[in-house]
Amino acid sequence: MFDDVPVRVGLLIVIAAIAFGPAQYVYRHIAHSPSRRDITKPAEDLSWRTSGQFVHSLSILAALLALAVFIFTPSAEQFASSPRFWPIMIAVFGSWAALTVVQGFATGRVQPLMKGLDKTFERQTHPKRYWASMGWNAALGCLSVWLAYQANEDASAQVFADKCAYATDVHLLQQQLSACEELIRLRPNDPDAYADRGLILLDVGALDGAVADFTRARNLDPEDPWLLANRGIAFAWKKNRASAHKDFEAVRSVDPSNPVMLRGEAILRKDAGDLEGAVDRLTASMVRDPDNLWALRTPSELYWELGEHEKSIEDDRRLVQLKKEAQIRRD
C-alpha cells in the first residue's frame, strides 16, 4: 500500500494545480462582494464577478475534492495498478488543457499552463500573450491526447499479452487464443505473441498452425532455441521425423538439456517402438521441468506397457499430487 503513496501525492499535486484557478475565483468573488465594499473608496469594476462563474467554480472544486477523497479508497488503489491508469490520467490533463482553450475563446481570457506562472492574459489588453498562451495550451492538449492514445494502445496490448501468456488450464485455452489474436493485431512483430499462440494451438492439436506460429516467432527472434524446440515437437506430433530431428539437433547444439527437445525426442522414440528410450528422454526432461504433467503422465503409460507396474503407479500418484497443487494455485 505504501508503494502507491508517490502516485497519490502526484495526483494530489495535479488536483491542487487544477483547483488553483477555480479557488482563486471563488476567493476573489467573496472578497470583492459589494456588501463589503468600502464606500470611502472609488467603485471598482466587478463585471468579471458573475453568479454563473461562481457556481461553475464551486462545482469544479467539489468534484476535485471528491476525487481527492476517492484516490485513498481501495477502488482507486486497484485502478492505479491497472494498465489503463496513466493513459486516462494523460487524457484527463489533455482534456483540461483543451477546455482552457475553449474557455479562452469564449471569455477572451486565458491562463497559460506553465509552472510558476499564474497570470491571466486578456485578448483585448494583451493580444500577443493571449494568443501565445492559447497556442501553448492547445499544443499541450494535442500532445497529451496523442500520448494518451499511444499509452492506451500499449496498455491494451499489455492486457492482451497478460491474457495470452500460455497456461495449461484447458478451460482458458479458447480465451487465451482470442487474446493472442488480438495481441498479434496490436503487436504484429512480437515473437512472444506468436510463441504463446503456437503453444495453445499445439495443445488443441492444430499442428500446422503451431508450426506456422513458431516459424514466424523464430524469424523474429532467431536466437531463442525454445522456439525451435517447440516447432520440433509440433513436427514430431505430425510424424515429420526429418524436420523434427533437424530442429532438435539445432537446439541440442546450444541447449543439450532443453526439456521440450527431450520430450519431442521421446515422442519420436515412442513412435519408433523404443519405449525405454522414450522413458529415458522423459526422465531427463523432468530434471529441468519436474512439474510438467504430460512428461509425468506419459512415462506412467510407458512403464505399464513395459510391465513395470510399480513405477507406473508411483508416477500416477505423483501426477495426482501435481494436479492437486495446480488446483490449489488456481483457487
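Details
- If you look at the Cα atoms of region 193-251, you get an Rg and a Dmax of 10.0, 27 Å.
- Placing unit charges on the Cβ atoms of the charged side chains and taking the dipole of the chain about its Cα centre, the candidate lying farthest along the positive direction among A179, S243, N230 is A179.
- Max mean-square fluctuation residue, GNM over the chain, Cα-Cα springs under 10 Å, options F160, F93, F72: F72
- For the chain, the residue among L293, G104, F214 whose Cα projects farthest onto the positive side of the dipole built from Cβ charges is G104.
- Each Cα pair under 8 Å and six or more residues apart adds its sequence gap; the mean of these over the residue count of region 94-226 is a relative contact order of 16 percent.
- Degrees, to the nearest 10: 5-31 long Cα axis against longest axis of the chain: 20 degrees
- As a rough footprinting exposure proxy, the listed residues Y149, Y27 were ranked by other beta carbons within 10 Å of their own, and the order from fewest upward is Y27, Y149.
- Between helix 241-252 and the chain: long-axis angle, C-alpha atoms, 0 to 90°, nearest 10: 60 degrees
- On Cα atoms only, tilt of 85-107 relative to the major axis of the chain in degrees: 20 degrees
- In the set (1) 6, 24, 33, 24, 11, 2, 0; (2) 5, 17, 20, 15, 11, 11, 9, 7, 4, 2, 0, 0; (3) 6, 21, 19, 13, 12, 12, 11, 5, 1, the label that goes with P(r) over Cα pairs in 10 Å bins from 0, in percent computed for this structure is (2).
- Lys, Arg +1 and Asp, Glu -1 on Cβ, resulting dipole of region 57-165 about Cα centre, debye, nearest 20: 500 debye
- Contact order, relative form, for the chain: 8 percent (alpha carbon pairs under 8 Å, 6 or more residues apart, mean separation divided by residue count).
- Among F235, F85, a tally of other beta-carbon atoms within 10 Å of each Cβ gives an order, fewest to most, of F85, F235.
- The chain: Cys lacking any partner C-beta under 4.7 angstrom: C142
Any read-out appearing in this document is the output of simple, stated calculations on the displayed coordinates, not a laboratory observation. In this text the structure is predicted, and so the values were computed from the model without any measurement. When we count neighbours, we look across all protein chains shown, and the Cβ atoms used for this are built from the backbone with ideal geometry, even at glycine.
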